[in-house]
Amino acid sequence: MKQIQEPAKNVPVMAETDVLVVGSGPSGLSAAIAAAREGVDTMLVERWGSFGGNITQCLVGSLAWYRYEKTVEAGGIGMEFEKRADEMGATHESNLAQYLDEDTLNYVAPKLAESPNPPPASAPLDTDMFKYVADTMVQEAGITPVLHCLTVDAIMDGNTIKGVITESKSGRQAILAKRVIDATGDADIAYHAGAPYRKSPKDELMEISMNFGCSGVDVSRFIRHTARNLRYIRDWAKETAGKEDSELTSHMVEPFNKAKEAGEIPPHVKLESFWTTATPLGEIKNLNTVDIAGIDATDVWDLTKAEMEGRQRVIWALNALKKYQPGFENARLRTFGSCIGVRETRKIIGEYNITEHDVRNEARFDDSIGIFPEFLDAYGVVILPTTGRYFHVPYGIILPLKVENLLVAGRCVAGDKVSHAATRQMMCCAVTGQGAGVAAAVSLKHNTPCRKVNISQLQSALTKQGVRIK
């Protein structure tokens with residue numbers, strides 16, 4: 001690759017803080033709130049114009065669609081997101097029966113009774129309003145917020161991180177910090193700091209998605225048609241534990257197959273939809289329909305291709321829905337996701353690397369920073385937490401090798417391929433985020449490196465913040 005020599009220059013320090021959190025998705029937002037609640041100066045830096053990550057940028061309001069009657073969860077800030085959103089009018093009614101006529105109710109009732117579990121009990125978030133919810137929670141916690149600020153390098157002193165270099169409308173600036181939490185999703189800070197990581201070849205990475213929403217939908221007609229054409233997890237999952245097979249799902253594929261048969265969608269294009277949030281205003285606020293394979297979301301050329309190709313595929317999908325899906329005849333595009341949705345890129349190599357065996361077999365760890373239900377959803381594997389099973393989330397997976405006073409939270413924590421199907425979930429990201437935030441604060445209070453944090457002190461602080469550890 002051709003190179004140029006960039007002249008050296010002094011970089012002004014824009015801020016100094018105790019704990020710096022980079023990235024504000026569920027993991028970063030949880031980390032910053034948790035650290036601030038421990039009484040340490042905390043700064044939260046976000047590259048976009050709002051906090052919330054996949055929730056607010058990619059329209060993903062289904063924080064806990066896996067939640068069933070017997071599901072056991074960690075509590076903590078992740079569930080607080082739902083509670084605060086509900087209190088602030090930022091959730092949507094999830095009762096779809098209101099749209100059904102008596103004949104359809106009578107038709108669908110016996111089929112619902114065949115399902116071994118009641119429907120999941122999680123109200124979807126209003127992803128636009130959650131921007132305001134996140135602002136409110138950040139301000140209440142006393143966090144120093146920075147939006148529209150991209151982090152481009154790590155400041156190192158030997159193998160210890162001392163801060164980051166940023167680029168923004170204010171120019172190239174530095175932020176100095178005693179502890180840094182990488183919640184970028186892509187392990188960007190760990191990468192710049194020289195921490196070991198792994199990344200699958202891009203033809204093996206999970207697909208990326210361009211989500212979208214529609215208005216002008218005859219919601220009652222759509223829901224009635226859906227109720228008479230129910231689909232189950234067995235219709236699309238490649239692997240389950242068996243107990244999931246009869247669970248209902250919002251999976252929708254027929255209109256896209258018809259459009260392909262008519263030559264209206266290229267045969268190589270994958271389109272199948274999961275949808276959430278039908279409103280009385282004629283909206284389906286999130287359709288997760290467009291998946292694109294072979295994209296490395298740490299490559300700017302691939303990201304550019306994915307964004308533009310994603311929007312093209314949305315238009316193909318919308319046209320197919322209008323033509324072949326009852327209720328969508330007069331639908332219009334309501335919104336594109338603000339950016340492409342990424343599921344997998346870099347993952348750090350950690351002090352411990354959680355495994356498929358761990359998440360499938362209720363692993364227990366002495367250094368637990370929380371729990372997560374036995375919920376896997378990736379690579380065609382779908383395991384739902386309908387029986388109360390859960391695993392411990394160990395502190396070791398957020399500790400990168402070779403770099404001191406850096407913690408990593410979110411989907412880039414250490415683990416193998418199938419464990420990623422659990423740790424990438426937004427509620428699990430909140431668990432690792434809150435663990436990282438409290439660990440950073442505890443290490444500061446006791447003047448010890450993050451790698452040598454007293455686990456009992458960490459667990460005690462997390463328990464006081466409402467996290468279930470065991």
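The values are calculated or read from the model by the stated rules, or taken from the named source; none is laboratory data. As the structure is a prediction and not an experimental result, all values here were calculated from the model. FYI the Cβ positions are ideal-geometry reconstructions off the backbone, even for glycines, and counts take in every protein chain you see.
Some points to look at:
- The set of residues in segment 189-212 that are assigned to a helix (DSSP H, G or I), touching a Phe, Trp or Tyr at 6+ places or on another chain (Cβ under 8 Å) and of a type in the set (A, V, I, L, M) contains only Ala190.
- Residues that are among the aromatic types (Phe, Trp, Tyr) and either in contact with a Pro (Cβ under 6 Å, 6 or more places away or on another chain) or more than 16 Å from Gly76 (Cβ to Cβ) (or both), drawn from segment 365-390: Phe365, Phe375, Tyr379, Tyr390
- Residue in segment 424-444 that is under 23 Å from Gly61 (Cα atoms) and in a loop (DSSP other than H, G, I, E, B) present: yes
- Scan of segment 285-309 for residues that are out of contact with any Leu (no Cβ under 9 Å at 6 or more places or on another chain), over 20 Å from Lys199 (Cα atoms) and in contact (Cβ under 8 Å) with a residue 12 or more places away in the chain, ordered by number: Glu307, Glu309
- Failed condition for Lys260, given (1) over 18 Å from Gln312 (Cα atoms); (2) free of Cβ contacts under 8 Å to residues at least 24 places away in the same chain; (3) not aliphatic (A, V, I, L, M): (1)
- Gly337 vs. criteria in contact with a Cys (Cβ under 6 Å, 6 or more places away or on another chain), within 18 Å of Ile208 (Cα to Cα) and surrounded by fewer than 24 Cβ atoms within 10 Å (Cβ to Cβ): no
Table: residues versus (1) surrounded by fewer than 20 Cβ atoms within 10 Å (Cβ to Cβ); (2) in contact with a helix residue (DSSP H, G or I) (Cβ under 8 Å, 6 or more places away or on another chain).
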site: Glu351; (1), (2): yes, yes
site: Asp366; (1), (2): yes, yes
site: Gly370; (1), (2): no, yes
site: Phe375; (1), (2): no, yes
site: Thr386; (1), (2): no, no
site: Val393; (1), (2): no, yes
site: Ile397; (1), (2): no, yes
site: Lys402; (1), (2): yes, no
site: Asp416; (1), (2): yes, yes
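- Tabulated pairs, segment 15-31, first within 17 Å of Cys412 (Cα to Cα), second among the polar types (S, T, N, Q) and assigned to a strand (DSSP E or B), C-beta under 6 angstrom, 6+ apart or interchain: Val22/Thr151
- Tallying residues that are over 22 Å from Val219 (Cβ atoms) and modelled with pLDDT under 95 within segment 269-319 yields 1.
- Segment 244-270, residues that are more than 25 Å from the chain's Cα centre (by Cα) and either more than 16 Å from Thr289 (Cα to Cα) or part of a loop (DSSP other than H, G, I, E, B) (or both): Ser246, Glu261, Ala262, Gly263, Glu264, Ile265, Pro266, Pro267, His268
- Among the residues of segment 78-111, just one is β-branched (Val, Ile, Thr) and within 27 Å of Ile371 (Cβ to Cβ), namely Thr91.
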